[in-house]
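Novice: One structure coming up, written as structure tokens, with questions to follow.
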Amino acid sequence: VEKVIDILPNTYQIAKKWNISDYENRVEDGSITYDYFNVTEGKIEYCISKCMYIEMFEYYGIRSLCKIFCLTDEAAYANLTRQVKFIRHSDLSDSTCCHDEVWDKKQYKE
């Protein structure tokens, strides 16, 4: 699905809507605690300090196995390469927070 979306002219806007919708749903159901979720022109950046997947896996003593859920974001964004730049600074499976950035490549400066 992502490879098809990647050929559309508004891929970043689609990714932006996905992120905002996911943020709203996760805040509403309480499954994720965000330290911040910032949307600015051409960039989404967020930091997550608590995730119920991590909590559940940690309860059973297998926190590191939760990495598979964290990797799904990376796999999805690996198919959105024409217009979107995804940067994962850290994830909760092996760090104290999940810190990601999603950039519109037209505005991304390395």
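The values are calculated or read from the model by the stated rules, or taken from the named source; none is laboratory data. Computed from a prediction, not measured in an experiment: that's the story for all the values here. A quick note on method: Cβ atoms are made from the backbone with ideal geometry, for glycine too, and the neighbour counts reach across all protein chains shown.
Novice: Looking only at segment 3-11, decide whether some residue is at pLDDT 90 or above and in contact with a Phe, Trp or Tyr (Cβ under 9 Å, 6 or more places away or on another chain).
Specialist: Within segment 3-11, not a single residue is at pLDDT 90 or above and in contact with a Phe, Trp or Tyr (Cβ under 9 Å, 6 or more places away or on another chain).
Novice: May I ask you to list pairs of residues, at least six apart or on different chains, whose Cβ atoms are under 6 Å apart, with the first in segment 1-24 being on the phi < 0 side of the Ramachandran plot and in contact (Cβ under 8 Å) with a residue 12 or more places away in the chain and the second being surrounded by fewer than 17 Cβ atoms within 10 Å (Cβ to Cβ) and assigned to a helix (DSSP H, G or I)?
Specialist: From segment 1-24, the pairs are E2/A76; I5/I14.
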